[in-house]
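Asks: Starting off with a structure, shown below.
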Amino acid sequence: MLNMASHLTSASLATLLAAGMATVLFASAAHGVGTQGAPKHLHFYMHDSSTGPKPTTVLIANGTGQPLKGSGGSARFGDTMVMDDRLTEGPTPASRVVGRAQGFYVTASQGDPAVLLTMNVLLADGPYNGSSLAVMGRNNVMMPERELAVVGGTGVFRMATGYVLWKTASWRGGSAVLELDAFVYVSPAAAGA
Ligand SMILES: *[C@@H]1O[C@H](CO)[C@@H](O)[C@H](O)[C@H]1NC(C)=O
Ligand SMILES: *[C@@H]1O[C@H](CO)[C@@H](O)[C@H](O)[C@H]1NC(C)=O
């Protein structure tokens, strides 16, 4: 997602998206997955970078629409990026890896630097290792906090619903670290399956 940011010049969209999903604090994991009404809270950071020899976000289509506000003409309505970002427990790149965020985003707003984002959050650590969340929503990279929807999942998160609160922890050039807090509800029917 960071790549969008670089595409948007200094305040690139990519960075906003990149905030670091890494810190998967599966705080209530020991007590099972959200079957008793309370959502499970996952916290992690996501590392998104459009630069360097191995970018985690790449531009796959240049939009042909109007330039986005604040992009200096470098980002356009219709720009499309694909990402495969590392998720870590803490905000630093060396922090423990807890999963990956794989998906894509497209500038789907004529004016605001807002993207339609859809991604699979693949968890690779702790009690949710091997399970995934399906996330989608509107992400205006310039807002202090964005909310996206958890629209499903696999494994212990089968039939999950919920939401993700999304913040930009840091953003420099084409690299961003994003901080994500996911609140996930799993249906008792699915958990008992
Ligand atoms: C997008 O446009 C830039 C600037 O013209 C160009 O360098 C780049 O190759 C294009 N990328 C794609 C995927 O078309
Ligand atoms: C997660 O699961 C995979 C596949 O079963 C396994 O290879 C890996 O060691 C597990 N990782 C952790 C941190 O438990």
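The values are calculated or read from the model by the stated rules, or taken from the named source; none is laboratory data. Note that the structure is a prediction, hence the values are computed from the model and not measured. A quick note on method: Cβ atoms are made from the backbone with ideal geometry, for glycine too, and the neighbour counts reach across all protein chains shown. What goes into the accessible areas is simple: the full protein's heavy atoms, side chains included, and nothing from ligands, DNA or RNA. Shrake-Rupley method; radii C 1.70, N 1.55, O 1.52, S 1.80 Å.
Asks: How about segment 76-87: which of its residues are of a type outside the set (Asp, Glu) and either loosely packed, with under 15 Cβ neighbours inside 10 Å or near ligand 1 (Cβ under 9 Å from one of its atoms) (or both)?
Replies: Thr80
Asks: A further question on this structure: Going through segment 121-142 one residue at a time, which ones are away from ligand 2 (no atom under 16 Å from the Cβ), open to solvent by 60 Å² or more (accessible area, probe 1.4 Å) and modelled with pLDDT of 95 or more?
Replies: Selection gives Met136, Arg138.
Asks: Any idea how many residues of segment 96-108 are open to solvent by less than 20 Å² (accessible area, probe 1.4 Å) and either without any contact (Cβ under 8 Å) to a residue 40 or more places away in the chain or within 16 Å of ligand 2 (Cβ to nearest atom) (or both)?
Replies: Residues flagged as open to solvent by less than 20 Å² (accessible area, probe 1.4 Å) and either without any contact (Cβ under 8 Å) to a residue 40 or more places away in the chain or within 16 Å of ligand 2 (Cβ to nearest atom) (or both) within segment 96-108 amount to 3.
Asks: Of the residues Gly37, Gly73, only one is over 18 Å from Val164 (Cβ atoms), modelled with pLDDT under 95 and either assigned to a strand (DSSP E or B) or within 13 Å of ligand 1 (Cβ to nearest atom) (or both); which?
Replies: Only one candidate qualifies: Gly73.
Asks: Quick one: is Leu17 out of contact with any Cys (no Cβ under 7 Å at 6 or more places or on another chain), within 19 Å of Asn140 (Cα to Cα) and at pLDDT 95 or above?
Replies: No; evaluated as a whole, the condition is false for this residue.
Asks: Here's a follow-up. Considering only residues of segment 88-120 that are assigned to a strand (DSSP E or B), over 16 Å from Tyr45 (Cβ atoms) and among the small types (Gly, Ala, Ser), which is modelled with the highest pLDDT?
Replies: Gly103
Asks: Let me ask something additional. Name, by its number, the condition in (1) farther than 29 Å from Val58 by Cα; (2) open to solvent by 50 Å² or more (accessible area, probe 1.4 Å); (3) in contact with a Gly (Cβ under 7 Å, 6 or more places away or on another chain) that does not hold for Ala169.
Replies: Here Ala169 meets the rest and fails (1).
Asks: Pull up segment 36-58, narrow it to residues that are out of contact with any Asp or Glu (no Cβ under 8 Å at 6 or more places or on another chain) and surrounded by fewer than 18 Cβ atoms within 10 Å (Cβ to Cβ), then point me to the one that is farthest from Val82 (Cα to Cα).
Replies: The extreme case among them is Gln36.
Asks: Tell me, please, whether a residue that is modelled with pLDDT of 95 or more, open to solvent by 20 Å² or more (accessible area, probe 1.4 Å) and more than 16 Å from ligand 1 (Cβ to nearest atom) can be found in segment 59-70.
Replies: No, the conditions are met nowhere in segment 59-70.
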